[in-house]
Amino acid sequence: MIGIFDDWYANISQAENLINFPRIVIGSPHENPVILNRNDAKGPAGIWAEDNKYLYWDVTIAEKGLYDIKFFFKENPTGPGQLTFKIGPIQRVVQHTDTTKRVMIVPDIALHSGPAKVDGWFTNQKSPRTTVYPFYVEIKKKDP
């Protein structure tokens, strides 16, 4: 029985999706919006539990178009600051002053199709060394 398990394990551990993780598809009619959560994120150990650890997602943007992006944080910001995010070659910095909401929304971002890396973080204006990463991100392709 151990030999059967060892053979199975050797076979499954070489599966293509374990060696080369598939990218999350954004902008597909099959799933819109897409939720990027910490389970699917890449980064150092501890990204699930710690808000100050860098994380990112490898995605494929299925269709060129306008997208709304929502960044959800575990807690409300402790003060005004800025949300910085990057999707492929696009980078934006958005001022955020509403400390009563843990969601930061960025509408109407024009994305091109193809592979991209998604990351984003909030930096408190009063303590710029305090960076918080989102608990999850929602990306929705807008109707044409």
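Restricting the range 11-42 to residues that are among the small types (Gly, Ala, Ser) and modelled with pLDDT of 80 or more, the residue that is surrounded by the fewest Cβ atoms within 10 Å (Cβ to Cβ) is Ser28.
Candidates are the residues of the range 102-144 that are exposed (fewer than 12 other Cβ atoms within 10 Å of the Cβ) and over 19 Å from Ile26 (Cβ atoms); the one that is modelled with the lowest pLDDT is Pro128. Return yes or no: is Pro77 assigned to a loop (DSSP other than H, G, I, E, B), surrounded by 13 or more Cβ atoms within 10 Å (Cβ to Cβ) and free of Cβ contacts under 8 Å to residues at least 60 places away in the same chain? Here the answer is yes, as Pro77 does meet what is asked.
The single residue among Phe122, Phe135 that is among the aromatic types (Phe, Trp, Tyr) and over 18 Å from Lys42 (Cβ atoms) turns out to be Phe122.
On the stretch given as the range 24-50, residues that are acidic (Asp, Glu), part of a loop (DSSP other than H, G, I, E, B) and more than 13 Å from the chain's Cα centre (by Cα) total 1.
Those residues that are of a type in the set (A, V, I, L, M) and within 14 Å of the chain's Cα centre (by Cα), I need them from the range 51-69; list them, please. Break it down stepwise before answering.
Taking the range 51-69 and keeping what is of a type in the set (A, V, I, L, M), we get 55, 59, 61-62, 66, 69.
Leu55, Val59, Ile61, Ile69 - these are the residues of the range 51-69 that are of a type in the set (A, V, I, L, M) and within 14 Å of the chain's Cα centre (by Cα).
Within the range 43-65, take every residue that is loosely packed, with under 15 Cβ neighbours inside 10 Å and not aromatic (Phe, Trp, Tyr) and give me the one that is nearest to Gly120 (Cα to Cα).
My answer is Asn52.
One residue alone among Tyr54, Tyr67 is modelled with pLDDT of 95 or more and on the phi < 0 side of the Ramachandran plot, and that residue is Tyr67.
The values are calculated or read from the model by the stated rules, or taken from the named source; none is laboratory data. Keep in mind that what you see is a predicted model, and the values were worked out from it rather than measured. Backbone-built Cβ (ideal geometry, glycine too); neighbour counts: all protein chains shown.
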